[in-house]
Amino acid sequence: TKPMGKAMTVMGRVSGGNLRHRLELDSKDEFGILGRDLDAMVNNLQAFVGLLDLIAEGDLSVDIPSRDEKDQIAPVAQKMVRNINHLVNLVKESAEQVATGAAQISDSSQSLSQGATEQAASLEEISSSMNEIGSQTTVNAENAAQANQMATGAKEAAIQGSRDMDEMVSAMNEI
């Protein structure tokens with residue numbers, strides 16, 4: 001019963017997540033066979049934890065081998081890695097698209113604002129009799145300035161969104 005007590009102690013620790021203990025039974029009877037099989041199981045679990053640790057560190061290229069054709073753990077872990085890779089790629093693509101769109105809006109707004117300012121200056125030089133055109137240009141300039149402010153806000157939001165995505169990817173990597 002001493003080997004059985006030792007087996008129960010080690011398996012209790014292993015079931016609690018402590019993979020540092022082994023039975024290390026040398027006998028050739030059933031207890032020895034059971035001990036070697038339990039030690040092999042703990043070794044396999046520890047190797048799997050090592051792979052999970054690599055994933056948690058951000059290595060999504062980890063290959064998780066199946067132990068045999070009835071292995072239920074490896075296929076699920078492989079699927080998890082594939083899904084995380086897909087999600088990370090989608091987040092990166094989305095962040096890039098948002099940043100590109102915000103930059104385009106900002107560039108267009110700046111060009112519009114510059115053009116409106118130049119137009120207002122030219123109209124003031126032509127004549128005072130063209131007040132109505134000057135008023136319309138001023139309205140255009142105000143609208144352009146508002147568009148520029150909105151574009152600047154969108155650009156800042158895109159930059160913040162990109163930072164948030166980086167933080168999320170970092171947090172996912174820590175998981």
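Structure data summary
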quantity: Residues of the chain: accessible area per residue with a 1.4 Å probe, Å²; calculated: 70
quantity: Charge-dipole axis of the chain as Lys and Arg at +1 and Asp and Glu at -1 on Cβ define it, positive-most pick from A40, G17, V62; calculated: A40
quantity: Accessible surface of S162 - all protein chains present, 1.4 Å probe, nearest 10 Å²; calculated: 40
quantity: Nearest 10 degrees, 0 to 90: helix 131-174 Cα axis against the chain principal axis; calculated: 10
quantity: Three-way shape label, segment 45-93, alpha-carbon gyration tensor, a/c 1.5; calculated: oblate
quantity: Cβ-placed point charges (K, R +1; D, E -1), dipole of the chain about Cα centre in debye, nearest 20; calculated: 1200
quantity: Segment 1-82: C-alpha gyration tensor shape, a/c 1.5 cut-off, then a/b vs b/c; calculated: prolate
quantity: Over 22 Å (Cα to Cα) - which of K2/K70; K2/K28; K28/K70 fall in this group; calculated: K2/K70; K28/K70
quantity: Over the chain: Kirkwood hydrodynamic radius from C-alpha pairwise inverse distances, Å; calculated: 22.3
quantity: Hits among aspartates and glutamates - C-alpha to C-alpha of K155 under 15 Å, sequence gap 8 or more where chains match; calculated: E96, D107, D164
quantity: In degrees, nearest ten, helix 30-56 long axis to first principal axis of the chain (Cα); calculated: 10
quantity: Relative contact order for segment 46-122, counting Cα pairs under 8 Å that sit 6 or more residues apart, in percent; calculated: 17
quantity: Neighbour-limited loop hits for GluC sites (Glu not before Pro), segment 55-129 (at most 13 other Cβ within 10 Å; DSSP other than H, G, I, E, B); calculated: E57, E69
quantity: Average Cα contact separation per residue, the chain, under 8 Å, 6 or more apart, as relative contact order %; calculated: 20
quantity: For the chain, the longest site-free run once trypsin sites (Lys or Arg not before Pro) in DSSP loop states with at most 10 other Cβ atoms within 10 Å are removed; calculated: 71-175
quantity: Accessible-area composition of segment 1-95, carbon plus sulfur, in percent [1.4 Å probe]; calculated: 56
quantity: Of L51, S108, I84, farthest towards positive along the dipole that unit charges on Lys, Arg, Asp, Glu beta carbons give segment 1-128; calculated: L51
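The values are calculated or read from the model by the stated rules, or taken from the named source; none is laboratory data. The structure displayed is predicted, hence computed values, not measured ones. Neighbour counts are summed over all protein chains in view; Cβ atoms, including those assigned to glycine, are modelled from backbone coordinates with ideal geometry. When the accessible area is computed, the model is the full protein with side chains, heavy atoms only, and any ligands, DNA or RNA have been set aside. Shrake-Rupley method; radii C 1.70, N 1.55, O 1.52, S 1.80 Å.
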